[in-house]
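What follows is one structure encoded as structure tokens, with my remarks underneath.
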Amino acid sequence: MQIEPISCWRPTPARAASFAAPPYDVFDRSSARSYVKRHPSSFLEIDRPETAFEPEHDMYDPDVYTKARELLNDRVADGTLLHDEQPCYYIWRLATADHEQVGLVCGAAVDDYKNGTIRRHEQTRAAKQADRIEHIRTTHAQTGPIFLTYRDEPAIDTLVSLAMTATPLYDFTDEQDCHHSIWRVARKGAVDSLRLMFERVPTAYIADGHHRAASAVAVCEEKRQQAASEGGKAETDEQSYAPYDLFLAVIFPASQLKILPYDRVLQDVGTKDTSHVLQQLRDEGFSCERSEGVVEPTEHGNFGLKLGDSWYELRRSEVDAADPVSALDATVVQRHILKPIFAVDDPTRDPRILFVGGYDAAKRAGELAGADDVAIALHAPSLKELMAVSDAGLLMPPKSTWFEPKLLSGLFIRRI
């Protein structure tokens, strides 16, 4: 695969910790507004520019995206962002109390996404993709990194470890107690070695950032068509690529990653007779047992369901194994709970569904589920399952995987 060094805009070391922000899609509109109020001039005001307007303002109005461009230009003008003109790689280590992972910040080739070298595993939601497309179009920049993974290559680990012996460019702890250390790799020999080693990697997988990746590819196609209609290709800035031919990515070895549960809350299901719902679940092949507390599934085929004020532990021994997707717990939930019992035909478009991921997901989903709602807790899929789905050219249901710690946005910005 083609993994290229990048030239980018990035915050000065003194501003990195206060400017960087969690990714845009971990916030709803209200929480994004609250975060920006607490963190003025952070990157989230650029990533979620509707926070600069009144709550009733259409968050997809063109003036919202124009505001994002203005704010990005303001951060350049006030010295928050500096331009690292020399194409280089960056090493990014994320460390929590019980976990550490180290990735390479780079430009991934759009053509590798299109030809299947970079593989997807999740469906995308049309509205979210349209939002990110317009954000890239208007800011002329890729502002959020796509989280990639690959099967471990020991030689790459060695090169990365050598680069980490230098003094970090950034070194700070965020509000979630994740420590971020970043090294710049600019020496030609080191850059060439990393590029050549990744050419030996046959396949990469999108762990997180499907909407950002699909949006970057869509904008690239637009730019290519525009360049073709104008009789040529845009000036290149990295190797033989035009700026839009690459998308901003951080790529990690698979053995270092951790997948956490991604649960569902279905709102406004109306008054449901508990005994009737439980019988429907049994008809779909589940055993149902009332629980004294929150159910956090500990294995494949084990589910939690909150109905009214009560939690129930569900088990389903029958496995749909026609293909890697059919065997997933998220697919079981869609095919045997959401669709037949609650009439959710398309989870990518149904506005009643909320997705809750990460540590304590089941507890938080239960807290969000009111009297007329249902919470469903799932066991996290494995990375092996993710790769099997992707290798088969199939897609998981939306929001099947939650990776943590999350990559911060705003530390690297690629102008296209």
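The values are calculated or read from the model by the stated rules, or taken from the named source; none is laboratory data. For clarity, every value in this text was computed on a predicted model and none was experimentally measured. Virtual Cβ from ideal backbone geometry, glycine too; neighbours counted across all protein chains shown.
Figures for the structure shown
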{"quantity": "Asp329 more than 20 Å from Asp268 (Cα to Cα), buried (at least 17 other Cβ atoms within 10 Å of the Cβ) and free of Cβ contacts under 8 Å to residues at least 60 places away in the same chain", "calculated": "yes"}
{"quantity": "In segment 261-282, residue modelled with the highest pLDDT [restricted to those that are β-branched (Val, Ile, Thr) and under 30 Å from Phe403 (Cα atoms)]", "calculated": "Val265"}
{"quantity": "Hey, Ala218 among the small types (Gly, Ala, Ser) and at pLDDT 95 or above or not", "calculated": "yes"}
{"quantity": "Selection from segment 345-358 of residues that are surrounded by 18 or more Cβ atoms within 10 Å (Cβ to Cβ) and not in a loop (DSSP other than H, G, I, E, B)", "calculated": "Ile353, Val356, Gly357"}
{"quantity": "Hits in segment 57-78 (condition: exposed (fewer than 13 other Cβ atoms within 10 Å of the Cβ) and either hydrophobic (A, V, I, L, M, F, W, C) or modelled with pLDDT under 95 (or both))", "calculated": "Ala77"}
{"quantity": "Test: Ala141 is more than 22 Å from Lys406 (Cα to Cα) and assigned by TED's automatic domain parsing to the domain that holds Leu72", "calculated": "no"}
{"quantity": "Flag for Lys399 being surrounded by 20 or more Cβ atoms within 10 Å (Cβ to Cβ) and not assigned by TED's automatic domain parsing to the domain that holds Asp268", "calculated": "yes"}
{"quantity": "Qualifying residue in segment 124-137 (condition: in a loop (DSSP other than H, G, I, E, B) and surrounded by 15 or more Cβ atoms within 10 Å (Cβ to Cβ))", "calculated": "yes"}
{"quantity": "Which listed residue is surrounded by fewer than 20 Cβ atoms within 10 Å (Cβ to Cβ), on the phi > 0 side of the Ramachandran plot and assigned by TED's automatic domain parsing to the domain that holds His140, from Ser41, Ser31", "calculated": "Ser41"}
{"quantity": "In segment 359-373, residue farthest from the chain's Cα centre (by Cα) [restricted to those that are more than 23 Å from Leu278 (Cβ to Cβ) and surrounded by fewer than 17 Cβ atoms within 10 Å (Cβ to Cβ)]", "calculated": "Asp360"}
{"quantity": "Members of segment 125-158 that are among the polar types (S, T, N, Q) and within 18 Å of the chain's Cα centre (by Cα)", "calculated": "Gln129, Gln142, Thr143, Thr149"}
{"quantity": "Given (1) part of a loop (DSSP other than H, G, I, E, B); (2) surrounded by 21 or more Cβ atoms within 10 Å (Cβ to Cβ), number of the condition Ile376 does not satisfy", "calculated": "(1)"}
{"quantity": "Neighbours by Cβ (under 6 Å, 6+ apart or cross-chain): first from segment 385-397, more than 18 Å from Lys258 (Cβ to Cβ); second of a type in the set (Gly, Ala, Ser) and assigned to a loop (DSSP other than H, G, I, E, B)", "calculated": "none"}
{"quantity": "Meets criteria (closer than 19 Å to Cys220 by Cα and surrounded by 18 or more Cβ atoms within 10 Å (Cβ to Cβ)) for Ile146", "calculated": "yes"}
{"quantity": "Filter pass, Phe342 being crowded, with 18+ Cβ neighbours inside 10 Å and assigned by TED's automatic domain parsing to the domain that holds Gln280", "calculated": "yes"}
{"quantity": "Residues of segment 278-298 that turn out to be among the β-branched types (Val, Ile, Thr) and buried (at least 20 other Cβ atoms within 10 Å of the Cβ), as a count", "calculated": "1"}
{"quantity": "First in segment 172-191 and outside the structural domain of Glu85 (by TED's automatic domain parsing) and within 15 Å of Leu407 (Cβ to Cβ), second anywhere and of a type in the set (Asp, Glu) and not in a strand (DSSP E or B), Cβ under 8 Å, 6 or more apart", "calculated": "none"}
{"quantity": "Glu313 vs. criteria assigned to a strand (DSSP E or B) and either more than 19 Å from the chain's Cα centre (by Cα) or free of Cβ contacts under 8 Å to residues at least 60 places away in the same chain (or both)", "calculated": "yes"}
{"quantity": "Test: residue in segment 241-250 that is modelled with pLDDT under 95 and not aromatic (Phe, Trp, Tyr)", "calculated": "yes"}
